[in-house]
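What follows is a short report on a single structure.
Each reported figure results from applying straightforward, stated rules to the coordinates on display, with no laboratory input. Treat the numbers as computed from the prediction; the structure is a model and nothing was measured. Here the Cβ positions follow ideal geometry from the backbone for every residue, glycine too, while neighbour counts run over all protein chains shown.
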């Protein structure tokens, strides 16, 4: 009976997708009343059902959108339980339901954790553009020693942003939400996972009145001692239709479907995206010229596959490209009818919240992570837009999606929880400091500043104590690999060339003349000179991008900064031979490359925070042109609690109203804001 019900429900959604209208009685039988189109004169039975439907209206949205009964049941569950694991399919509408809870209950102080800055920005804008939430002050930055009265507080950001806040200034938390809470299963060996687990524990330390963990459908293990209630449903307001495609017809089918409707191709890696270009480059696609295409060719390289695909009207999104390019790609996919096809990696599954009618799985994509596969497939279809999502693949996937996934809380393991807890215990810190001959004051400062455990800090200190044969930044990838272990997921033997190709000012080429390293073309020439292999131009660009925006920022620079912080407090500390010279060379070159002549170390807390937000948004190339005067102008437009979107609004305002720096702000606006 249940199978017949599901089949009939799916058939109705397929027919709705093809334009057929149904009466309210039949839709009501299958929990599909949100798809009912009002008749002029409903009969008595229709009126009764419509009245019930009206009770389920989504009140925070101006349009006539209604919850299905299971969604409304979820909303009531959130209202009636204080600690909830909310487990439902990706397109069930979990975010919309939490928004409705916030609108109806108006909690005074909210913390909302999301996995990426892009998702945080998207969520923040959706609240700020809705007048129903205008009584909230939404922020991700908080200046020390400041308070605000007569405003409801609403933090939206990543675990990293949350842990940067002064916890003593947060006040009493009424609602603490962790989106994509399945990531709590990841081992705290990974620094991002460590910070998420610490954030999870903080929601109890702060005595949050309500805690919601949002997750795809799964079985949860290890959460028992925290006394959560479970709302677990497989119901979906939209359906999926799985279509098997012959591999030889796959890319033709991709282009055909993408010509009609929004379509995403999911690839495992940027390399698979490159391969896709070579599969379709001979197709007779219409060339699309745009200022964005011109900008990509100038900023990056004309031979970059991403630029070549864009010229064919195909967008690309992956984590190894500058943030401003990612942002523009998603904006075009969501809002420009000329661009219907998006090629992306797991950054479209976990990093953004865009939707599509069609989702293609690359034929060579071996998705071993079933949770990632479920999340990815969840991009297809969306209530109110696409009643059914179409999944195209060369392999059978439907049975894999039905498998029950287990999510085991990482800190349910005694070893993992112990690592976090011992890093806060005075006696453990004291013993650690005695072992490494650093003061407790410095140790606590490092733990707080870099959000590390004693074990992770110890791994870094051990590396800093080892001798280097000679000073030089090419040693840093190997030092980072040793300190971070398996979570350093690139090749130090390649990274030693990438770090010099990016941070050095020039190199001496085969003709014994200087080639300056200012552009990607220069870096490509350096890499080819140093590495004699068949790596393509586009692959070299991707290698540099991954190194610049991930490896250097998140693996190498924290080690450099920790070492120099220790040296500032104790120049006699037991650094290995040539280590300090290497760290100082790296920081000097990194500062010059990132900030130009700006004296970063002596900036105010507020100015550093503004620069951090600009980097998060992807304005990296323009930061080196900053001045104190420009930073002051931005600061004057901000409150003591503010977010990245407030800085974007300040830039838009100053592009019109700045007295002395209008040209700079106009350039920022034209390149990054749209």
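Can you put 479, 465 in order, fewest other beta carbons within 10 Å first?
In increasing order of surrounding Cβ atoms, one gets 465, 479.
Take the Cβ-Cβ distance between residue 625 and residue 404 as r, set R0 to 35 Å, and report the resulting FRET efficiency rounded to the nearest 0.05. Kindly include the intermediate steps, with their values, before the conclusion.
Working: r = 53 Å, r/R0 = 1.52.
The pair residue 625/residue 404 has a calculated efficiency of 0.10.
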Next on the checklist: Give me the extension gain from residue 469 to residue 63: residue separation times 0.36 nm, minus the current Cα-Cα distance, reported in nm with one decimal.
Outcome noted: 139.5 nm
Checklist entry - For region 423-595, what's the relative contact order in percent, using C-alpha pairs closer than 8 Å and at least 6 residues apart? => result 29
Checklist outcome for this item: Residue-normalised 222 nm signal for the chain, counting each DSSP H run of n ≥ 4 as -39,500 (n - 2.57), nearest 500 deg cm²/dmol, is -14000 deg cm²/dmol
Item to check | Length added when fully stretched, residue 129-residue 242, from 0.36 nm per residue minus Cα-Cα | outcome: 37.1 nm
Item to check | Neighbour-count order for 231, 22, fewest beta carbons within 10 angstrom listed first | outcome: 22, 231
Checklist outcome for this item: Rounded to the nearest Å, the spacing of the alpha-carbon centers of region 310-350 and region 460-480 is 38
Item to check | FRET efficiency for residue 298 and residue 29, using Cβ-Cβ distance with R0 set to 41 Å, rounded to 0.05 | outcome: 0.10
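What is the fewest-to-most order of 138, 548 by other Cβ atoms lying within 10 Å of their Cβ? All intermediate terms of the calculation are to be shown ahead of the outcome.
Numbers: 138 24, 548 21.
Ordered by Cβ neighbours within 10 Å, fewest first: 548, 138.
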Checklist outcome for this item: Using alpha-carbon positions, the gyration tensor of region 535-674 gives root eigenvalues a ≥ b ≥ c; with a/c under 1.5 called rounded, otherwise prolate if a/b exceeds b/c, else oblate, the class is oblate
Checklist entry - Once label points are set 7 Å from the Cα along Cα→Cβ at both residue 568 and residue 275, what is their separation, rounded to one decimal in nm? => result 4.7
Item to check | Extension gain (nm, one decimal) between residue 605 and residue 235, 0.36 nm per residue minus Cα-Cα | outcome: 128.5 nm
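Given contacts defined as C-alpha pairs under 8 Å and at least six residues apart, what's the relative contact order of region 109-232, whole-number percent?
Details: 164 pairs, mean separation 35.1, N = 124.
About 28 percent, as a whole number.
Quick check on the chain: of the DSSP beta bridges with both residues there, what percent are antiparallel, nearest 5%?
Working: 7 of 58 bridges.
DSSP beta bridges in the chain are roughly 10 percent antiparallel.
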Next on the checklist: Given a Förster distance of 30 Å, report the FRET efficiency between residue 637 and residue 338 from their Cβ-Cβ distance, rounded to the nearest 0.05.
Outcome noted: 0.30
Item to check | Gap separating the Cα centres of region 163-222 and region 533-582, nearest whole Å | outcome: 29
Item to check | Degrees between helix 2-17 axis and first principal axis of the chain (Cα, 0 to 90, nearest 10) | outcome: 80
Checklist entry - Under a plain spin-label model, where a point goes 7 Å from the Cα along Cα-to-Cβ, how far apart in nm are residue 444 and residue 260? => result 6.6
Item to check | Relative contact order %, the chain, counting alpha carbon pairs below 8 Å whose residues are six or more apart | outcome: 14
Checklist outcome for this item: Checked region 601-672 with the C-alpha gyration tensor, a ≥ b ≥ c its square-rooted eigenvalues, rounded below a/c of 1.5, otherwise prolate if a/b is larger than b/c and oblate if not; verdict rounded
Item to check | Computed label-point distance, nm, for sites residue 18 and residue 186 using a 7 Å Cα→Cβ extension | outcome: 4.2
